[in-house]
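Here's the structure we're looking at; comments come further down.
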Amino acid sequence: MTTKIKICGLTTPDTLDAALDAGADFVGFVMVKASPRYAGPALAKRLVNRARGRAKTVLLFADMVGPEMDDLVHDLRPDMIQLHGRETPLQIRNARTDWKIPVIKAVGVSGAEDLVGLEAMEAADHLLLDAKAPKGAFYSGGHGVAFDWTLLSGRAVRRPWFLAGGLNPDNVAEALRITGAPMVDVSSGVESAPGVKDADRIATFIQNARRS
């Protein structure tokens, strides 16, 4: 089975093209203002339109369920939505009903206890298992921190799922070997500085993930 790859936090046409040319299956655009990868509505719309038909486009939100989010989804027309905050199973179900597009729900993991209630989040179409943000962080993802991948070794997840958190070109093959993840998501691991994507790192990450 070929590993599916998501490059998240893209903010420029050049790095978006680098991800698309290297064969990314999903490309993500962050709508969280506190993030160094925040795209903003106008830029995100241009990038979504540029990627349309070449990869699945994903808008990432955190704790923004409501009219503002509805307007952005309606205007930008992404293929998928990623909820990366403290959204409840009811909010996830409502999102799927309202927008009629697939929803990815991020789940923060630091220990085995964080996987106990995983089934409750299966209201989403996909799960994204990410390292929990460090204490005091102003946004929930993209910190370049990994969790103990052996927590997922041999574990059955009933929804299609992404592995995220601390992945980079050097460790993605090992992460896939340990977890058996069907999909991976990377953001800070393919950057030269916070929020600055590196085309060479993107290409190498995708190459190494596909070889594993």
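Any idea how many residues of the stretch 74-110 are part of a loop (DSSP other than H, G, I, E, B) and surrounded by 22 or more Cβ atoms within 10 Å (Cβ to Cβ)?
Number of matching residues: 3.
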Condition check for Leu20: without any contact (Cβ under 8 Å) to a residue 40 or more places away in the chain, under 19 Å from Asp198 (Cα atoms), part of a helix (DSSP H, G or I) and open to solvent by 10 Å² or more (accessible area, probe 1.4 Å): yes
So Trp149, is it at pLDDT 95 or above, surrounded by 18 or more Cβ atoms within 10 Å (Cβ to Cβ), hydrophobic (A, V, I, L, M, F, W, C) and over 16 Å from the mean Cα position of the chain (by Cα): yes
Selection within the stretch 131-146 - under 18 Å from Ile104 (Cα atoms), at pLDDT 75 or above and open to solvent by 30 Å² or more (accessible area, probe 1.4 Å): Lys132
Options Ala203, Ala175; residue that is assigned to a helix (DSSP H, G or I), in contact with a helix residue (DSSP H, G or I) (Cβ under 9 Å, 6 or more places away or on another chain) and open to solvent by less than 40 Å² (accessible area, probe 1.4 Å): Ala175
The stretch 55-68, subset touching a strand residue (DSSP E or B) at 6+ places or on another chain (Cβ under 8 Å) and over 11 Å from Leu83 (Cα atoms), residue most open to solvent (accessible area, probe 1.4 Å): Lys56
Single condition Ala44 does not satisfy, out of (1) open to solvent by 20 Å² or more (accessible area, probe 1.4 Å); (2) not in a loop (DSSP other than H, G, I, E, B): (1)
Residue tally, condition within 23 Å of Ser188 (Cβ to Cβ) and not hydrophobic (A, V, I, L, M, F, W, C), over the stretch 47-78: 5
Residue tally, condition touching an Asp or Glu at 6+ places or on another chain (Cβ under 8 Å) and either touching a residue at least 40 places away in the same chain (Cβ under 8 Å) or outside any helix (DSSP H, G or I) (or both), over the stretch 53-73: 6
Residue check, Gly117 on the phi < 0 side of the Ramachandran plot and open to solvent by 40 Å² or more (accessible area, probe 1.4 Å): yes
Among residues of the stretch 120-130, those that are surrounded by 18 or more Cβ atoms within 10 Å (Cβ to Cβ) and not in a loop (DSSP other than H, G, I, E, B), counted: 7
Count - residues of the stretch 178-200 that are part of a loop (DSSP other than H, G, I, E, B) and crowded, with 21+ Cβ neighbours inside 10 Å: 2
Search result, residues across the stretch 196-212 that are at pLDDT 95 or above and of a type outside the set (S, T, N, Q): Val196, Lys197, Asp198, Ala199, Asp200, Arg201, Ile202, Ala203, Phe205, Ile206, Ala209
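The values are calculated or read from the model by the stated rules, or taken from the named source; none is laboratory data. This is a predicted model, so every value here is computed, not measured. Because the Cβ atoms are built from the backbone with ideal geometry, glycine has one as well, and the counts that use them run over all protein chains shown. Just so you know, the surface numbers come from the protein's heavy atoms only, side chains and all, with ligands and any DNA or RNA stripped out. Shrake-Rupley method; radii C 1.70, N 1.55, O 1.52, S 1.80 Å.
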